[in-house]
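K.L.:
This is the structure I have questions about; it appears just below.
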Amino acid sequence: YIKMFLGALKVENYSSHTLKNYRYELINFSQSLNKPILKASTADIRQYLAESERLKQSTIVTKLDILSSFFGWLVKEDELLRNPCIKIKRPRLPKKVREGLNVIELEQVRAACKNIRQRALIEVFYSTGCRLDELRKIDKEAIDWETSSVIVCGKGDKERKVYLSEKAKYYLNQ
């Protein structure tokens, strides 16, 4: 069932990193059970999560999300009548606000650049707020130089428009 579930996620274009994490977690859970995975109960899942008490709350939430996704898929596939994770309340996590670089830190990063290519990369990062993978996928031909914008493809193949600063455009042209 785990193999079939991962195959279904692969078809849905989940990243190899996500698939690897799901596989690891589901195998750990199945090995902790003393019965077939289809016989797993809410109590089994609670017990498994309780054994992870030394872990960060966010890790426990991730474990629960993976198990819930797996059992939800089994329900959709008519292998189970109900998802045993439904009764488990998902712990709330505090929202983290990421802080950007201050002016001094930004100048230190700029000064550390060894060539024009690195400087262009830093300027595009800073002006657009792109993730590394989004930046990697940008095709220079796709940049609209007049509006200083480019469409990037992010997580889940979601597209969004980002804007380049004048410095970013300058170093990209260099």
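K.L.:
Roughly how many percent of the accessible protein surface of the chain is carbon and sulfur, given a 1.4 Å probe and a whole-percent answer?
P.N.:
The computed percentage sits at 51.
K.L.:
Got the relative contact order for the chain handy, in percent, Cα pairs under 8 Å and 6 or more residues apart? Don't skip to the end; give the middle numbers.
P.N.:
Values: 136 pairs, mean separation 24.5, N = 174.
Contact order relative to length: 14 percent.
K.L.:
Express the C-alpha Rg of the range 92-151 as a ratio against the empirical globular expectation 2.2 N^0.38 Å, rounded to two decimals. Write down the numbers at each step before the final one.
P.N.:
Values: Rg = 14.2 Å, N = 60, 2.2 N^0.38 = 10.4 Å.
Normalised Rg, Cα atoms only: 1.36.
K.L.:
Based on alpha-carbon atoms only, what is the radius of gyration of the range 119-174 relative to the globular estimate 2.2 N^0.38 Å?
P.N.:
Here the Cα radius of gyration is 1.01 times the empirical estimate.
K.L.:
Quick check: convex hull over the Cα atoms of the range 39-84, volume per residue in Å³, rounded to an integer?
P.N.:
Each residue corresponds to 52 Å³ of Cα convex hull volume.
K.L.:
Suppose the chain between Lys10 and Glu99 were pulled fully straight at 0.36 nm per residue; how much longer would it get relative to their current alpha carbon spacing?
P.N.:
Gain on stretching Lys10 to Glu99: 28.7 nm.
K.L.:
Using only the alpha carbons of the chain, determine the length spanned along each of the three principal axes and report them from longest to shortest in whole angstroms.
P.N.:
62, 34, 25
K.L.:
Roughly how many whole Å is it from the C-alpha centroid of the range 123-174 to that of the range 9-31?
P.N.:
Centre-to-centre distance over Cα atoms comes out at 31 Å.
K.L.:
Please work out the FRET efficiency for the pair Glu146 and Gln47, using the Cβ-Cβ distance as r and a Förster radius of 41 Å; give the result to the nearest 0.05.
P.N.:
0.10
K.L.:
Among Arg119, Arg46, Arg98, which one moves the most in a GNM of the chain with springs linking Cα atoms closer than 10 Å?
P.N.:
Arg98
K.L.:
Write down the radius of gyration of the range 19-120 and its Dmax, each obtained from C-alpha positions, in Å.
P.N.:
Every Cα atom of the range 19-120 included, Rg and Dmax give 20.9, 60 Å.
K.L.:
Using DSSP H assignments, which helices in the chain have an axial alpha-carbon span of 15 Å or above and a mean Kyte-Doolittle hydropathy of 0.5 or higher?
P.N.:
Numbers: long enough: 16-32 (24 Å, -0.96); 57-76 (28 Å, 0.72); 116-128 (18 Å, 0.22).
Those that pass (Cα extent of 15 Å or more, hydropathy at least 0.5) are 57-76.
K.L.:
Around Tyr14, with a cut-off of 12 angstrom between Cβ atoms, what is the net charge of the other residues, counting Lys and Arg +1 and Asp and Glu -1?
P.N.:
After counting each charged neighbour, the total is +2.
The values are calculated or read from the model by the stated rules, or taken from the named source; none is laboratory data. Since the structure is predicted, the reported quantities are computational estimates derived from the model, not experimental observations. Using ideal geometry, Cβ is built from the backbone for each residue, glycine included, and neighbour counts are taken over all protein chains shown. Protein only, heavy atoms only, side chains kept; ligands, DNA and RNA dropped before computing areas. Shrake-Rupley method; radii C 1.70, N 1.55, O 1.52, S 1.80 Å.
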